[in-house]
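Beneath this line is the structure, given in structure tokens, with notes to follow.
What follows draws every value from the coordinates through simple rules; no lab data is involved. Predicted model only: the values in this text are computed from it and were never measured. Cβ coordinates were reconstructed from backbone atoms using ideal geometry, including for glycine residues, and neighbour counts include every protein chain displayed.
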Amino acid sequence: TREPVVLGIETSCDETGIGIVRGRTLLANVISSSMDEHARYGGVVPEVAARAHLEAINPALEAALAEAGVGFDELDAIAVTSGPGLSGALMVGVGAAKALAVATGKPLYAVNHLVGHVGADVLDAEPLEYPTVALLVSGGHTSLLVVRDLVGDVELLGETIDDAAGEAFDKVARILGLPYPGGPQIDRAAVGGDPAAIRFPRGLMLPKDLERHRYDFSFSGLKTAVARWVEKAQDAGEEVPVADVAASFREAVVDVLLTKAFRACADLGIPRLLLGGGVVANARVREAAAERAAAQGVQLRIPPLSLCTDNGAMIAALGAQLVAAGHRPSGLGFGADSTLPV
Ligand code: KG4
Ligand code: ZN
């Protein structure tokens, strides 16, 4: 059977992503980011993101079709992120997808952004083996999932109850006087630092937390602890040991993320873990995940970085899986849903 050619549209945050796939083969992945426009605010500003999507979406669409070398006629379906994410930003993508579906007569599939992150992993790779645990960490989400079937059975095990992990990186970078986005800055600042120099708190890791929040995350206490530590040093007239603070903070985040993810693998007897989201760019996350996977006999899957951060190809990939599995299209009756559950 012929593999479906699907165009995916992603606008849930600050990346306008248009991707095109043929089955599990990546044909195009065009991304236009409004990150620079948000930099001076230290975080993504929803209205700015929505307007940037509006400006970027048509050029991105044309670029993706050109890159893939396909015309509208050759598409079998269109897929779009309907949530979760920023509602104004999502609305631009959903509106564009509906317009495109109507104009081309192609079936339209509304998909979940988080499940899309998992879908990214099948591109130019082997099919997923089920079940698998998935840890998705970015500036907008920190979620632990168990995937029994990409297009039918995805369960949320836990998520952050306050800040996302990437958000914590961004906020701590600001405390240390480093620019946005903070993740890469902290990574750089941590070089040569001692990860054991300061014992920062690990959120929701105490025995009493484990009953209700075994797989949930919390990073706001950690951020506050770093702020207090830095303030205290400054008040005492000491020079802030930026490398040690960055390395110790990063270690606390990585420790919690991976302890919970690998715990889920052990609890559920699932020897497979998939990572996704922008924070997976972190050097220490990758290194520590590889170490723990080897020690625990867990098979680790990490897509290339360009597919870890928000993109349209992952949405197209998930759409192609839906088409291949014979799912019915969504029609035009759905809307953007900023809190869409998995
Ligand atoms: O997936 P992404 O591009 O966009 C969403 O937030 O959905 O992720 C961006 C987030 C930012 O918070 C950024 O600070 C973080 O990922 N990030 C990193 C690194 N590179 C990006 N966090 C830790 N270490 C990094 N090297
Ligand atoms: Zn994302």
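Here are a few things to note about the model shown:
- In percent, rounded to a whole number, the relative contact order of segment 231-338 is 21, using alpha-carbon pairs under 8 Å and six or more apart.
- Fewest-first ordering of Tyr180, Tyr109, Tyr130 by other beta carbons within 10 Å of each residue's beta carbon gives Tyr130, Tyr180, Tyr109.
- As a rough guide to protection, the peptides 64-72, 331-339 ranked by mean Cβ packing within 10 Å, highest first, stand as 64-72, 331-339.
- Calculated FRET efficiency for the pair Ala266/Gln234, C-beta based, R₀ 56 Å, to 0.05: 0.85
- In this simple spin-label approximation, Arg286 and Arg148 carry label points 7 Å from Cα along the Cα→Cβ vector, and these lie 3.4 nm apart.
- Additional length obtainable on full extension of the chain from Ala66 to Glu155, 0.36 nm per residue less Cα span: 28.4 nm
- Relative exposure of Ile31, Ile161, Ile18, Ile315, judged by other C-beta atoms within 10 Å (fewest first): Ile161, Ile31, Ile18, Ile315
- Within the chain, the proportion of C-alpha pairs whose separation exceeds 27 Å stands at 45%.
- Efficiency of FRET between Ala324 and Arg40 - r from beta-carbon atoms, R0 35 angstrom, step 0.05: 0.20
- Tensor-based shape of segment 84-142 (alpha-carbon gyration tensor, a/c under 1.5 rounded, otherwise prolate or oblate): oblate
- Top of Asn282, Asn311, Asn29 by mean-square fluctuation, Gaussian network on the chain, Cα under 10 Å: Asn282
- Helix-only mean residue ellipticity at 222 nm for the chain, each DSSP H run of n ≥ 4 adding -39500 (n - 2.57), per residue, nearest 500: -14000 deg cm²/dmol
- Under the criterion of Cα pairs below 8 Å and six or more residues apart, the relative contact order for segment 87-193 equals 14 percent.
- Mean separation of Cα contacts under 8 Å (6+ apart) over length of segment 132-302, as relative contact order %: 28 percent
- Stretch gain in nm, segment Met205-Ala99, where the contour uses 0.36 nm per residue and the Cα spacing is subtracted: 33.5 nm
- Packing, taken as the mean count of other beta carbons within 10 Å per residue, orders the peptides 195-205, 111-121, 82-92, 228-238 from highest to lowest as 111-121, 82-92, 195-205, 228-238.
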